[in-house]
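Here is the structure we will look at, set down as structure tokens.
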Amino acid sequence: METNQSKRKRIVINLDQTRVGQASSYGAQRKTRRWPKVVAILLVLIFVSIVGLAVGGFLWWRHYQTTPAYSVALIIDAAQRDDMVAFGKQVDDEAVARSLVADVSKKASDRYGVALNSSLQRQIDVMIPSLIPRLKDTIHVEVAKELKEIAAKSEPKPFIIVAIAVQRLITINTEGDNAARAIAQMPNRTIEMGLQRSGDQWKVTELKDEVLIQHVVDGLMKDLPAIGGFDLSPFLKPTKKGKAR
């Protein structure tokens, strides 16, 4: 009897511990399966952000290409590279020449000093407008020099950097939808450019600079009346003739 009882053994199973083990194993499996989803979501968010930045950058660049600042950057880049073909596309030489008429006429008149009279002033006023168009090539070269001076304020850089940094070199203000003014502060003077919209871009149509005006006047003086070649009688006192003996 005792022998049979000794043979009987109880098998005790701790169900609580089994449940805890199963729960832990199940939780670990759930965490393991969750990580790929988290990584996938993060990757999607990163991809969407990159695409959003790329699209935003592209739209900003397309808009920037229609602004006066972009056209000024094109001009500076062309001047840096001595690309006169590209430079000519951004500068309206005839309009620049017309804008110089009043200032050139005044500077030319000033060179006559006290010898200037109303008759000579009329001659100058009539001749200057007809002479300036002949100097379009001279004006073209001088404008290129002006812009090279502006570009010289910084080391030559790739165009993309010039385009982004141009507003640090030049102050650009728009005047309505079709006009703008760009001002560059040089060490010894101020260069001011007027721009007009031309399609999706802008062209320089006006330039104000004392050095440019003086160079244009220098080129015109040989075609104007010589300073010593006009009638000086208004400045001379009449002389009395001696009586005949």
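The values are calculated or read from the model by the stated rules, or taken from the named source; none is laboratory data. These numbers were taken from a predicted model, which means no experiment stands behind them. Quick reminder, even Gly has a Cβ in these numbers, built from the backbone with ideal geometry, and neighbours come from all protein chains shown. The area values use the complete protein model at the heavy-atom level, side chains included, leaving out ligands, DNA and RNA. Shrake-Rupley method; radii C 1.70, N 1.55, O 1.52, S 1.80 Å.
Just one of the numbered conditions (1) under 29 Å from the mean Cα position of the chain (by Cα); (2) of a type in the set (Val, Ile, Thr); (3) at pLDDT 80 or above is not true of VAL126; which one?
(1)
Among the listed residues ILE213, ILE132, which satisfies the condition of being more than 16 Å from ASP77 (Cβ to Cβ), modelled with pLDDT under 75, outside any strand (DSSP E or B) and touching a Lys or Arg at 6+ places or on another chain (Cβ under 8 Å)? Working first, answer last.
On the way: ILE213 fails: modelled with pLDDT under 75.
Just a single option satisfies the conditions, and that option is ILE132.
To keep it simple, each residue is scored yes or no on (1) assigned to a helix (DSSP H, G or I); (2) under 30 Å from VAL143 (Cβ atoms); (3) of a type in the set (Phe, Trp, Tyr); (4) modelled with pLDDT of 60 or more.
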{"site": "THR3", "(1), (2), (3), (4)": "yes, no, no, no"}
{"site": "ILE11", "(1), (2), (3), (4)": "no, no, no, no"}
{"site": "ARG19", "(1), (2), (3), (4)": "yes, no, no, no"}
{"site": "LYS31", "(1), (2), (3), (4)": "yes, no, no, no"}
{"site": "VAL39", "(1), (2), (3), (4)": "yes, no, no, yes"}
{"site": "VAL44", "(1), (2), (3), (4)": "yes, no, no, yes"}
{"site": "SER49", "(1), (2), (3), (4)": "yes, no, no, yes"}
{"site": "ILE75", "(1), (2), (3), (4)": "yes, yes, no, yes"}
{"site": "VAL85", "(1), (2), (3), (4)": "yes, yes, no, yes"}
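Within region 135-163, which residues are open to solvent by 40 Å² or more (accessible area, probe 1.4 Å) and modelled with pLDDT of 80 or more? Break it down into steps so the answer makes sense when it comes.
Taking region 135-163 and keeping what is open to solvent by 40 Å² or more (accessible area, probe 1.4 Å), we get 136-138, 141, 145, 148-149, 152-153, 155-161.
Once the filter is applied, which keeps residues that are open to solvent by 40 Å² or more (accessible area, probe 1.4 Å) and modelled with pLDDT of 80 or more, region 135-163 yields PRO158, PHE159, ILE160, ILE161.
Identify, by number, the condition in (1) modelled with pLDDT under 80; (2) surrounded by fewer than 18 Cβ atoms within 10 Å (Cβ to Cβ); (3) in contact with a strand residue (DSSP E or B) (Cβ under 9 Å, 6 or more places away or on another chain) that ARG98 doesn't meet.
(1)
Please find, within region 185-202, the residue that is nearest to SER119 (Cα to Cα) out of those that are surrounded by 14 or more Cβ atoms within 10 Å (Cβ to Cβ) and in contact with a Ser or Thr (Cβ under 7 Å, 6 or more places away or on another chain).
The selected residue is GLY194.
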